[in-house]
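I have placed the structure first, in the form of structure tokens, so that the comments after it can refer back to it.
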């Protein structure tokens, strides 16, 4: 409420034009890859174990009804001297299939050891066109 009004007032002051902001509530934040990536980044900045955070995010997403999850973190994980990449997969993630509904999110966690990059892919199923629907019913 109030923060939105302050934000619109600031933006109108900066741009010199009228600004309208619409807020859309995300019903299932566990099914949104960008929000999950930002959540993981926030937890890593609070020095949580990266493996535990990744496993928990995968578990929550699969319970929310996602068909496949892939999470990749890269950087100086656990404060190691040499950076590395760790990933965890569950379900299927057909990245080469054009009609697959893949949700992708990216975030960076700024830790004391440096930046850790987080990538999240969610597979929500295939898009079926009306042409394919007609072919399947005949």
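Quick notes on this one:
- Residues that are under 23 Å from the mean Cα position of the chain (by Cα) and either farther than 25 Å from residue 68 by Cβ or surrounded by fewer than 12 Cβ atoms within 10 Å (Cβ to Cβ) (or both), drawn from region 114-138: 114, 115, 127
- Some residue of region 97-106 being more than 19 Å from residue 33 (Cα to Cα), out of contact with any strand residue (DSSP E or B) (no Cβ under 7 Å at 6 or more places or on another chain), at pLDDT below 95 and surrounded by fewer than 12 Cβ atoms within 10 Å (Cβ to Cβ): no
- Within region 111-128, the presence of at least one residue that is under 20 Å from residue 32 (Cβ atoms), in contact with a strand residue (DSSP E or B) (Cβ under 9 Å, 6 or more places away or on another chain) and part of a loop (DSSP other than H, G, I, E, B) is confirmed.
- Qualifying position, being modelled with pLDDT of 95 or more and loosely packed, with under 15 Cβ neighbours inside 10 Å, among 59, 25, 12: 59
- Selection from region 41-60 of residues that are touching a residue at least 12 places away in the same chain (Cβ under 8 Å) and closer than 11 Å to residue 88 by Cβ: 50, 51, 53, 54, 55, 57, 58
- In region 6-31, the residues that are without any contact (Cβ under 8 Å) to a residue 12 or more places away in the chain and on the phi < 0 side of the Ramachandran plot form Cβ pairs under 7 Å with partners that are surrounded by fewer than 10 Cβ atoms within 10 Å (Cβ to Cβ) and assigned to a loop (DSSP other than H, G, I, E, B), at six or more places apart or across chains, as follows: 12/18.
- With a requirement of 3 or more residues that are under 30 Å from residue 114 (Cα atoms) and out of contact with any helix residue (DSSP H, G or I) (no Cβ under 8 Å at 6 or more places or on another chain), the helices (runs of 4 or more DSSP H) lying completely within region 1-95 that satisfy it span 33-45, 50-64.
The values are calculated or read from the model by the stated rules, or taken from the named source; none is laboratory data. Just so we're clear, the structure is a prediction, and the values are computed from it rather than from any experiment. Neighbour counts are summed over all protein chains in view; Cβ atoms, including those assigned to glycine, are modelled from backbone coordinates with ideal geometry.
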